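The values are calculated or read from the model by the stated rules, or taken from the named source; none is laboratory data. If you're wondering where the values come from, they're calculated on a predicted model, not measured in any experiment. Note that we place each Cβ from the backbone using ideal geometry, even for glycine, and neighbour counts take in every protein chain shown. When the accessible area is computed, the model is the full protein with side chains, heavy atoms only, and any ligands, DNA or RNA have been set aside. Shrake-Rupley method; radii C 1.70, N 1.55, O 1.52, S 1.80 Å.
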Amino acid sequence: EKPILFLIEAAAAFGKTCTAYELLNEIVSGDDNKIPLFSELHRNRQAKIFRYVLLDEIDRSFPSLSSSLVNSEILKGNVPVVLDGFDELLRTNEDGDGFENTEPMLETIGSLLKNKAKIILTTRRTAIFDGDEFHDWIESHATDFSVIRIRLLEPTVNQWLKDDRLRTLNEIDFPIERLSS
């Protein structure tokens, strides 16, 4: 019933986008009639300010609705926001300015985290999310919303393949453990 920011962190090719798609599938196949806003942020780099990137994604995802109506539904929790690849926007900002350039992005997200809003960010682990400034930002909003951090660890072959398939590959001496991604 309260606003939550989910931060899903992992290294490159560890399943962040796949996880975002799985979450999207869960949302749309649920019984609660939620309509998600899903964005792969690496596809939208025209705007220099994150707030405009987000508005552009709202307009693109809901072309016949006003952005203020969609924003209202986000706050009510009817439009969960899934932003895949948040680090893609951060990379251009990590030229030494660190948190100063990132803070407006987080404040934009924080401004949406009211009432029952749910926002899911997928991102590579970056120094920004482990730094004191980020933790101070979270602490300053502790009464406004909750933050749940999920770290995806390196997947293993056993997690991806069923035992019978793995056994078949081993029987023909296929070096499955040497493959990456």
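The figures follow:
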item	result
Degrees between helix 16-29 axis and first principal axis of the chain (Cα, 0 to 90, nearest 10)	70
Ser146 accessible area, 1.4 Å probe, all protein chains in place, Å² to nearest 10	30
Area accessible to solvent at Arg60, 1.4 Å probe radius, in Å²	120
Cα gyration tensor, the range 100-165 - rounded (a/c under 1.5), prolate or oblate	prolate
Heavy-atom accessible surface of the range 40-89: percent carbon and sulfur, 1.4 Å	52
Accessible-area ranking of Asp130, Asp136, Asp84, largest first, probe 1.4 Å	Asp136, Asp130, Asp84
Helical mean residue ellipticity (222 nm; -39500 (n - 2.57) per DSSP H run of 4+; nearest 500) of the chain	-13000 deg cm²/dmol
Per-residue SASA entry for Glu171, accessible area with 1.4 Å probe, Å² rounded to 10	130
Spin-label pair Leu55/Leu152, simplified geometry with 7 Å Cα→Cβ offset, distance in nm	3.1
Backbone HN-Hα couplings from phi across the range 63-76 [Karplus 6.51/-1.76/1.60, Hz, Gly and Pro as x]	x, 9, 10, 6, 5, 5, 5, 4, 4, 4, 6, 4, 5, 6
Cα centroid separation - the range 52-93 against the range 111-181, whole Å	21
Label-point separation in nm, Lys34 to Asn115, each point 7 Å along Cα→Cβ	1.5
Distance between modelled label sites at Thr108 and Leu166, nm, 7 Å Cα→Cβ extension	4.2
Charge dipole magnitude, Cβ of K and R +1, D and E -1 - the chain, Cα centre, debye nearest 20	500
